[in-house]
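Have a look at the structure below before the remarks.
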Amino acid sequence: MNREAKQTLELDWSDKHQAYNFDDHCGRHSNMSPDTQHHPGSAAVQDQVCNHSSWTKFTQDNLIKAMQEEQATYSLRLLVERVLQDTTEDLRVQCSNVDRAFSQRCAELIEAKTQLEMKRVKVLEQIGDQERNIVALQQAIDNKEAPLRVAQSRLYLRSLRPNMELCRDEPQLSLEGEVRQIDATVTSLQQQLSEARGSLSRLEESRLALEKDISCKTHSLFIERDKCLTQRRRYPTNFTLSGY
């Protein structure tokens, strides 16, 4: 519509410019002008032209139409500027909300990663304690091997006693009690060793799970902080968001 009003004004201006040149040329004619000549039918053309009031109205209408389009354009530009400003403010508010969400998420990941690392340290300490406990239990079992061999060897030799000498005297009873006690102790130690090995296995599984979780948290933190937040530092400025 602006282009249409512009074209109308330019056409009207062009017509007026030509008319001005003709009138200016006419104003320079005099009885002494050498370039005048007879045009017998020229007076009849005057019946076809508009009158002065319609000429004035035509020009005023063109100017009013152009001014109306100018005002409409100005109002539209104000509306667009206001929409762009509101949109820019909304985008900046949303950008701030997203940045805060990213910062909070990074803080949560760092806290979770720290807690997992602290727990892993405790698990590693427990693994070390359990490994030392297993070594001690195995050593205790090994230490019972020699006394058991001695007691069993004594029992075997005493079983070779002849005739009435093969009696269940006090030494015999003591040796049998000693073997039973050593067997019970070894059985108990083996049970504790089995439980310790099971506990160590579970601790190792817990350590692997913690390390996997720590690795996952580290990777997530790398994506959130080093990738996403780095990209968001290049977020468009208000001037760019406004469309300029």
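Readers should treat all values here as calculations from the given coordinates under stated rules, not as data from a laboratory. A quick note: this is a predicted structure, and the numbers were derived from the prediction, not measured. Virtual Cβ from ideal backbone geometry, glycine too; neighbours counted across all protein chains shown.
Spin-label model, residue 180/residue 145: points 7 Å from Cα along the beta carbon direction are separated by 2.7 nm.
Only lysine pairs 8 or more places apart or on separate chains count here, and in the range 1-114 those with Cα atoms under 17 Å apart total 4. Per-residue 3J(HN,Hα) values for the range 112-128, derived from phi via the Karplus relation 6.51 cos²θ - 1.76 cosθ + 1.60 with θ = phi - 60°, read 5, 5, 5, 4, 5, 5, 5, 5, 5, 4, 5, 5, 5, 5, 5, 4, x Hz in sequence order (x marks Gly and Pro). State, to one decimal in nm, how far the label point of residue 31 lies from the label point of residue 199, with both points 7 Å from Cα in the Cβ direction. According to this spin-label approximation, the distance is 14.0 nm. If you take the beta carbon distance between residue 70 and residue 235 as r and set R0 to 35 Å, what does 1/(1 + (r/R0)^6) give as a FRET efficiency, to the nearest 0.05? The calculated FRET efficiency here is 0.45.
Across the chain, the mean sequence separation of Cα contacts (distance under 8 Å, 6 or more residues apart), normalised by length, yields a relative contact order of 31 percent. Across the range 20-27, computed HN-Hα scalar couplings (Karplus, 6.51 cos²θ - 1.76 cosθ + 1.60, θ = phi - 60°) run 5, 4, 5, 5, 5, 5, 4, x Hz from first to last residue, x flagging Gly and Pro.
Local charge for residue 207 was computed over the other residues whose Cβ lies under 14 Å away, with Lys and Arg +1 and Asp and Glu -1, and equals -3. From its DSSP helices (H runs of at least four residues, each -39,500 (n - 2.57)), the chain gives a residue-normalised ellipticity at 222 nm of -29000 deg cm²/dmol.
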